[in-house]
1. If residue 44 satisfies every condition in (1) in contact with a helix residue (DSSP H, G or I) (Cβ under 8 Å, 6 or more places away or on another chain); (2) under 22 Å from residue 128 (Cα atoms) but one, which is the exception?
2. Out of 118, 123, report the one residue that is farther than 17 Å from residue 15 by Cβ, in contact with a strand residue (DSSP E or B) (Cβ under 6 Å, 6 or more places away or on another chain) and assigned to a helix (DSSP H, G or I).
3. Just checking, does segment 19-39 include any residue being more than 22 Å from residue 128 (Cα to Cα), in contact with a helix residue (DSSP H, G or I) (Cβ under 7 Å, 6 or more places away or on another chain) and surrounded by fewer than 18 Cβ atoms within 10 Å (Cβ to Cβ)?
4. Take the conditions in contact with a strand residue (DSSP E or B) (Cβ under 9 Å, 6 or more places away or on another chain) and surrounded by 14 or more Cβ atoms within 10 Å (Cβ to Cβ) and apply them to residue 2. Does it pass?
5. Do we have any residue at all in segment 63-83 that's closer than 15 Å to residue 125 by Cα, assigned to a helix (DSSP H, G or I) and modelled with pLDDT of 95 or more?
6. Filter segment 63-96 down to residues that are loosely packed, with under 15 Cβ neighbours inside 10 Å, under 17 Å from the mean Cα position of the chain (by Cα) and touching a residue at least 12 places away in the same chain (Cβ under 8 Å) and give me whichever is farthest from residue 13 (Cα to Cα).
7. If you go through segment 11-34, how many residues are closer than 14 Å to residue 96 by Cβ and in contact with a strand residue (DSSP E or B) (Cβ under 7 Å, 6 or more places away or on another chain)?
8. In segment 97-114, how many residues are free of Cβ contacts under 8 Å to residues at least 24 places away in the same chain and not in a helix (DSSP H, G or I)?
């Protein structure tokens, strides 16, 4: 599974880490719902992609079987650990990590903060820039 940082890099050819992230893309059979939503938003806001292009890039994850849900348990656990982990805007990182723990899938990331939170929450995480 890829987090948002890795998925964006894998999908955007001009991204500085495109080659590194793209090599991990075949393993991303399913993705957390929040990763797909965040990636769509970044493709539109940061990279100026049209809605059609952004949706097209995310088409492999546009059906329910390819999506890992954010369950109520995941949300409750993230909130329960928020003080301990000093979560702020990065609560999304915790949601991604916990969804992966719940689904027993590893995380690939370009974000050191995501990697550290994932490890703290018991996820199997690979930091591609290590």
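The values are calculated or read from the model by the stated rules, or taken from the named source; none is laboratory data. Keep in mind that what you see is a predicted model, and the values were worked out from it rather than measured. Cβ: placed from backbone, ideal geometry, glycine included. Neighbour counts: every protein chain shown.
1. Of (1) in contact with a helix residue (DSSP H, G or I) (Cβ under 8 Å, 6 or more places away or on another chain); (2) under 22 Å from residue 128 (Cα atoms), only one is false for residue 44: (2).
2. Details: 123 fails: assigned to a helix (DSSP H, G or I).
Only one candidate qualifies: 118.
3. No, every residue in segment 19-39 fails to be more than 22 Å from residue 128 (Cα to Cα), in contact with a helix residue (DSSP H, G or I) (Cβ under 7 Å, 6 or more places away or on another chain) and surrounded by fewer than 18 Cβ atoms within 10 Å (Cβ to Cβ).
4. On the way: in contact with a strand residue (DSSP E or B) (Cβ under 9 Å, 6 or more places away or on another chain): yes; surrounded by 14 or more Cβ atoms within 10 Å (Cβ to Cβ): yes.
The answer is yes for residue 2.
5. Narrowing segment 63-83 to residues closer than 15 Å to residue 125 by Cα: none.
Checked segment 63-83: no residue is closer than 15 Å to residue 125 by Cα, assigned to a helix (DSSP H, G or I) and modelled with pLDDT of 95 or more.
6. 71
7. Taking segment 11-34 first, the residues closer than 14 Å to residue 96 by Cβ are 28, 30-34.
Adding the requirement that they be in contact with a strand residue (DSSP E or B) (Cβ under 7 Å, 6 or more places away or on another chain) leaves 28, 30-33.
Total meeting the criteria: 5.
8. First, the residues of segment 97-114 that are free of Cβ contacts under 8 Å to residues at least 24 places away in the same chain: 101, 104, 112-113.
Next, only the ones that are not in a helix (DSSP H, G or I) stay: 104.
So the count comes out to 1.
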